[in-house]
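Each value in this text was obtained by applying a stated rule to the coordinates, not by laboratory testing. Predicted model, so just to flag it, every value in this text is computed and none were measured. Ideal geometry is used to build each Cβ from the backbone, glycine not excepted, and the neighbour counts take in all protein chains shown.
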Amino acid sequence: MDQLRTHRSFISYIDRSREYYAAQGYTKPYEWPHYDNVPFTPLKKPLAQCRVGLITTAGKPKPADQLAAMFSPRALYAQPVNPAPEHLFTDDLFWDKKATHTKDVDSFMPVNRMGEYAASGRIGSISPSFYGVPTDYSQSRTLERYAPQILEWCREDGLDAIVLSAL
Amino acid sequence: MSLVARHLEANGLSTVVIGSARDIVEECGVARFLFTDFPLGNPCGKPWDAAMQRSIAGMGLDLLERAWMPRTTTQAPFHWDDDAWRDNFMRVDESNREALAREGELRRQLQEEMKKER
């Protein structure tokens with residue numbers, strides 16, 4: 001073994017955020033989804049024949065105009081992977097802004113890396129579009145509005161498998 | 001994000017989630033999860049480190065191919081440069097407890113005022 005430790009190594013963000021917001025005086029903690037049953041679909045064909053899609057929680061780049069940017073709400077979107085986006089908007093998301101940055105899109109959505117895997121034949125192809133889904137306080141909005149629209153886009157683009165990465 | 005992955009799986013599409021908030025994803029429960037133990041923001045590898053990113057994306061593809069049951073978690077074999085972020089992120093201690101309480105109070109006041117203006 002490398003070390004002995006008295007606590008688990010990885011952070012519990014459920015605990016950490018509950019304690020942080022409690023310290024700010026928010027007495028009713030956020031309730032995170034928990035399911036006992038988990039759906040599972042095995043891959044139906046070899047990856048080398050699959051079209052693979054990408055989903056991110058990052059938003060579209062904001063308009064340069066500050067006023068226009070203020071009024072551009074976070075929304076569900078689909079955008080071409082070619083050309084790959086050079087930047088995506090992450091300022092309003094929950095991530096560690098002191099420890100790191102998000103200037104390299106591939107550090108949170110592997111759009112160029114997946115393109116390379118398509119070129120090398122590891123996957124059949126990459127989806128023509130990636131999709132952005134806003135992280136939403138409201139789980140019902142995610143379940144009833146965003147998830148069905150994403151499913152529709154996945155079907156339109158003929159996807160077999162999807163890589164989802166949350167910041 | 002986990003909720004979307006679950007919806008896709010329930011409708012016949014195979015998914016893998018790549019993320020750094022292990023407890024949030026695992027509490028929700030997804031088919032396949034690749035955990036990167038990094039500060040939130042770079043679950044797919046360090047910025048500008050294409051080799052690491054390729055490796056993590058490749059591990060995600062391995063999971064898609066090889067997992068045979070739901071709730072399969074694997075972990076990327078990479079470490080951040082130091083561990084300071086683990087204690088620093090959303091830290092609450094005696095040094096900032098009063099400031100956090102004030103921040104919360106101010107935000108609630110602002111929200112009240114915005115409600116009145118509507």
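222 nm [θ] for chain A, helices only, -39500 (n - 2.57) per DSSP H run of 4+, per residue, to 500? Provide the component values of the computation, followed by the final result.
Numbers: 4 runs with 36 residues, N = 167.
Counting only the DSSP helices, I get -6000 deg cm²/dmol.
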- Task: Report, in whole Å, the centroid distance computed from the Cα atoms of region A:26-48 and region B:30-76.
- Result: 15 Å
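Only sites in a loop by DSSP and with at most 12 other Cβ atoms within 10 Å count here; which chymotrypsin sites (Phe, Trp or Tyr not before Pro) in region A:44-109 make the cut?
Values: sites: A:Phe71, A:Tyr77, A:Phe89, A:Phe94, A:Trp95, A:Phe108; in loops: A:Phe71, A:Phe94, A:Trp95, A:Phe108.
Passing sites in region A:44-109 are A:Phe71.
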- Summed over the other residues with a beta carbon less than 14 angstrom from that of A:Gln149, with K and R at +1 and D and E at -1, the charge totals -2
- Looking at region A:114-167, which chymotrypsin sites (Phe, Trp or Tyr not before Pro) are DSSP coil and have at most 13 other C-beta atoms within 10 Å of their C-beta? A:Tyr137
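Filter the chymotrypsin sites (Phe, Trp or Tyr not before Pro) in region B:28-71 down to the DSSP loop ones having no more than 11 other Cβ atoms within 10 Å, then list what survives. Write out the running numbers ahead of the final one.
Numbers: sites: B:Phe33, B:Phe35, B:Trp48, B:Trp68; in loops: B:Trp48, B:Trp68.
Filter output for region B:28-71: B:Trp48, B:Trp68.
Shape verdict for region B:1-60, please, from the Cα gyration tensor: rounded (a/c under 1.5), prolate (a/b greater than b/c) or oblate. Present the calculation step by step, with values, prior to reporting the outcome.
Details: a/c = 2.89, a/b = 1.64, b/c = 1.77.
Note, shape of region B:1-60 comes out oblate.
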- Message: Angle check, please: helix A:111-120 long axis (alpha carbons) against the longest principal axis of chain A (alpha carbons), in degrees 0 to 90, nearest 10.
- Response: 30 degrees
